[in-house]
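What follows is a set of notes on a single structure, which appears directly below.
The values are calculated or read from the model by the stated rules, or taken from the named source; none is laboratory data. Treat the numbers as computed from the prediction; the structure is a model and nothing was measured. Cβ atoms come from the backbone with ideal geometry, glycine included; neighbour counts cover every protein chain shown. Accessible surface is based on the protein model in full, side chains and every heavy atom, while ligands, DNA and RNA are left aside. Shrake-Rupley method; radii C 1.70, N 1.55, O 1.52, S 1.80 Å.
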Amino acid sequence: GYCVELIGYSIGYEPQGIARLFNSFRLRKKLSNGPAFANRDRRLMLFALLCMQTKYRDMYDFLLRMRDQVTPDFLSGLCDGQTDASLRLSDEEREKFTAFARIFCDIINLDKQDGISEEECGVFVEVLRLSQITSK
């Protein structure tokens, strides 16, 4: 369910776009063979980052720049569409991104309890670093 929603709120359902997304995911898997592919949660987090990288490049780049400052409050702000980078989006784009970000944050919240923890932020930052492997 998450993958379908992420695709819908990011790249859409155009077959060539979906094929590129999955090819990118497989390429990272071949290049990495690291901890991001060790479990379903990390793979899903990486998939969400690839969707963001494809559709919301400015937001993805913002996350990369801020990766050393990721906290639960920072990610909550991302979900609410209240970051400096998201405020630069058009109203329509911000609405789609906010829906995307809520799903994204739900994925990061691995234990599904009381919001995102510091430990979950750490896992997210590890996966974010991996997502850079083939980033332009």
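Give the carbon-plus-sulfur fraction of the accessible surface of the chain in %, rounded to a whole number; probe 1.4 Å, heavy atoms of protein chains only.
Numbers: 3530 of 7390 Å².
Carbon and sulfur: 48 percent of the exposed surface of the chain.
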Filtering the chain for DSSP H helices with an axial alpha carbon extent of at least 24 Å and a Kyte-Doolittle mean of at least 0.5 returns none
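For region 1-64, which chymotrypsin sites (Phe, Trp or Tyr not before Pro) pass both filters: DSSP loop (anything but H, G, I, E, B) and at most 16 other C-beta atoms within 10 Å?
Details: sites: Y2, Y9, Y13, F22, F25, F37, F47, Y56, Y60, F62; in loops: Y13, Y56.
Taking region 1-64 and a limit of 16 other Cβ atoms within 10 Å, the loop chymotrypsin sites (Phe, Trp or Tyr not before Pro) found are Y13.
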With all protein chains in place and a 1.4 Å probe, T71 shows an accessible area in Å² (nearest 10) of 50 Å²
For Rg and Dmax of the Cα atoms in Å, with candidates [x] 17.5, 62; [y] 13.8, 39; [z] 15.8, 49, the value calculated from the shown model is option [y]
If unit charges are put on Cβ atoms (+1 for Lys and Arg, -1 for Asp and Glu) and the dipole of the chain is taken about its Cα centre, the option from V123, A48, F37 lying farthest towards the positive end turns out to be F37
Over the chain, the sum of -39500 (n - 2.57) across DSSP H runs of at least four, divided by residue number and rounded to 500 deg cm²/dmol, gives at 222 nm -22000 deg cm²/dmol
